[in-house]
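Participant: Pasting in a structure now, in C-alpha cells, and then I'll have a few things to ask.
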Amino acid sequence: MNEPSASETLVIIGNGIAGITCARHVRKRSRRPVVVISSETDYFFSRTALMYIYMGHMQFEHTKPYEDNFWAKNNITLVRKHVQQVNTASRELLFTDGTRMFYGDLVLATGSQSNFFGWLGQELKGVQGLYSYNDLQRMEADTKGIANAVVVGGGLIGVEMAEMLHARGIHVTFLVRENEFWRNVLPAEEAALISRHLREHGIDLRLNTELKALLPDGNGRVRAAVTTQGEEIACQFAGIAVGVSPNAEMARQSGIACERGILVNEFFETDQPHVYAIGDCAQYRTPPPGRRAIEPLWYTGRFHGETLALTLTAKRTAYAPGPWFNSAKFFDIEYQTYGDVKANAGENESSFYWQHASGKISFRAVYDAASKRLTGINVFGMRLRHELVDRWLREGVNVAHALENLASANFDPEFYKTFEADIAAAFTAQTGIKVVAKAKSWTQIFKRPQHT
C-alpha cells in the first residue's frame, strides 16, 4: 500500500471544537489523510466542562466525547507538538523540537488566549485566566487551602470562575466595571437579575469597580488586589476574566495576514494559498450580516469546522451562520439568547420584558417597532427549542405569532411549571396587542422551514 503524499494531507493545528469538527467532517466525506496537532492535550475534550472538573462533578476523562482509540480507527493522526512557524512557500511546519512536517492544506484552529492589560503584579503566582486545560491545572494547584479570591471581569468566564471558587468554600470578591453584571451585553433588567442572583449565593459583587494593581507577599504570590478607588482586598488568588483575544501570533510571525485575529474571507481562506483559519483565532474580513468580525464561541467554532470541511472536500461553501445564538449558566439560572438583543434597544426596536415574581425567570422579545417582526429573544430560567426559534427568526414571524406559540418552543423538562399564559397576558397589557397563548403543537415544532 502506498503512503499518502504530503500534498494530499490535511493538517489541522488545534484540537478544540473547531479543529476537531473539521477533522471529523472531512473524514466523513473523504479518505484524504488528516493530521491534528495540539500542544495542549493528547485528545479532544469539552472545554466548556472544565469548571465541572474543578467543582468535582466530573473527571477529565469524562470530558472526552470519544474513546481514545476513535482517532486511529478513523485514520485521524494525532500529534502532540508545538508549532513554531509555518513556511507557506514550501507548505512546511517547523516544530519547537526542530522537526518538520509538510502539508497539502493547513487549517489554523489555534483558539484564544486570556486578556491581560498590563496591571502591576499580573505576573505573580496565583494570578491567571481560565481558557486551557493547563489553566485549570494551575488553578487547582494555586487555590488549595486558600480563603479569599478576587475575580476581575463581568462576563461568562468571570462568573464561571466565581462559581468554581465558591464551590470550594473560598470567599469570592467579584470586581465588575459596569453598573450591573455583564451590563455591556445584557439589558438592564436581566443584568440586575443576575447581579441579585450572584449576591444571593454569597458572592461579594463590587459594581462600578476596576482593578488597579495586584500586590505580592514575600514569596512572589499575590496577597491583595487594589481597586481604582484605592481599596485593598486581601486575596491569595486572582482570576482575570476580562475577555479573550485570538491566538494568532504564530500565524502573524509566519507572514499570514492578521489584525486582531487571522484574516479570512467567507470561505475561511487566509491570504496564503492552502491555508485556512477557523474558530476563535479567525477574523472575518467582512463579517456575515449581523455578526461580529471575531466570534469566540463554542457554537460558532463547530459551525466553522462543518462549513470548512465542505470546502476541503470539493464543495466550496461560504459561511452562512444565520441568526445569532448563545447559552450559558449563571449558578442556578440558565440563559439563552437568540437573534439580536442589544444591551439597549435600538432606535427602531420595541422590547417586551416579563419577569416572574421569584426574580429568577424572565422572557424578553425584541421586534421591529413598525412591522412587528420578531428580531430577538432572551430567556432566563427557562429553555426554548433552538430549531423553532431559529426558524421564527429566519422567517421573520410577527412577535404576536411567537408569543401565541411559545408553548411549542418551550423545551423545559416534563412537569416543569410553564408561564406561557402569564407572558401572553403581560404582552397584551403592555402593548395593547391581543395575544392568547396556544397549546403546544407538534405541527408547529416539526413544520418544514420556509428558508430551505
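The values are calculated or read from the model by the stated rules, or taken from the named source; none is laboratory data. As the structure is a prediction and not an experimental result, all values here were calculated from the model. Because the Cβ atoms are built from the backbone with ideal geometry, glycine has one as well, and the counts that use them run over all protein chains shown. Note: areas computed on protein heavy atoms with side chains; ligands, DNA, RNA excluded. Shrake-Rupley method; radii C 1.70, N 1.55, O 1.52, S 1.80 Å.
Participant: Considering only DSSP beta bridges where both residues belong to the chain, give the percentage that are antiparallel (nearest 5).
Facilitator: About 55 percent, rounded to the nearest 5.
Participant: How many nm is it between the label spots at residue 168 and residue 46, if each spot is 7 Å from the Cα in line with the beta carbon?
Facilitator: 2.2
Participant: Pairs to check: 81/212; 28/329; 28/417; 342/447; 81/329. Give those whose C-alpha atoms are more than 31 Å from each other in this structure.
Facilitator: Those over the limit are 81/212; 28/329; 28/417; 81/329.
Participant: Follow-up question, since we're still on this one. Out of residues 5 or more away from residue 317 or on other chains, whose amide H comes under 5 Å of its own, with H placed 1.01 Å from N in the peptide plane?
Facilitator: It is 311, by chain and number.
Participant: Taking R0 as 41 Å, what's the FRET efficiency between residue 74 and residue 96 from their Cβ-Cβ distance, rounded to 0.05? Please report the intermediate quantities before stating the final value.
Facilitator: Numbers: r = 28 Å, r/R0 = 0.67.
Rounded to the nearest 0.05, the efficiency is 0.90.
Participant: Report the antiparallel proportion of the DSSP beta bridges in segment 1-94 as a percent, rounded to a multiple of 5.
Facilitator: In segment 1-94, DSSP labels about 25 percent of beta bridges as antiparallel.
Participant: OK, next. Sort 78, 120, 106 by heavy-atom solvent-accessible area, probe 1.4 angstrom, most to least.
Facilitator: 120, 78, 106
Participant: If I take every Cα pair under 8 Å that is 6 or more residues apart in segment 168-313, average their sequence separation and divide by the length, what percent do I get for the relative contact order?
Facilitator: 12
Participant: What whole-number distance in Å separates the alpha-carbon centres of segment 275-346 and segment 373-450?
Facilitator: Their Cα centres are 23 Å away from one another.
Participant: Ok, one more. Accessible surface of residue 131 in the full protein assembly, 1.4 angstrom probe, to the nearest 10 Å²?
Facilitator: Result for residue 131: roughly 50 Å² accessible.
Participant: Calculate for the chain the 222 nm mean residue ellipticity that helices alone would give, adding -39,500 (n - 2.57) per DSSP H run of length 4 or more and normalising by residue count, nearest 500 deg cm²/dmol.
Facilitator: Theoretical 222 nm ellipticity from helices: -7000 deg cm²/dmol.
Participant: Relative to 2.2 N^0.38 Å, what does the C-alpha radius of gyration of the chain come to as a ratio? Two decimals please. Provide the component values of the computation, followed by the final result.
Facilitator: Details: Rg = 23.7 Å, N = 452, 2.2 N^0.38 = 22.5 Å.
For the chain, the normalised Cα radius of gyration is 1.06.
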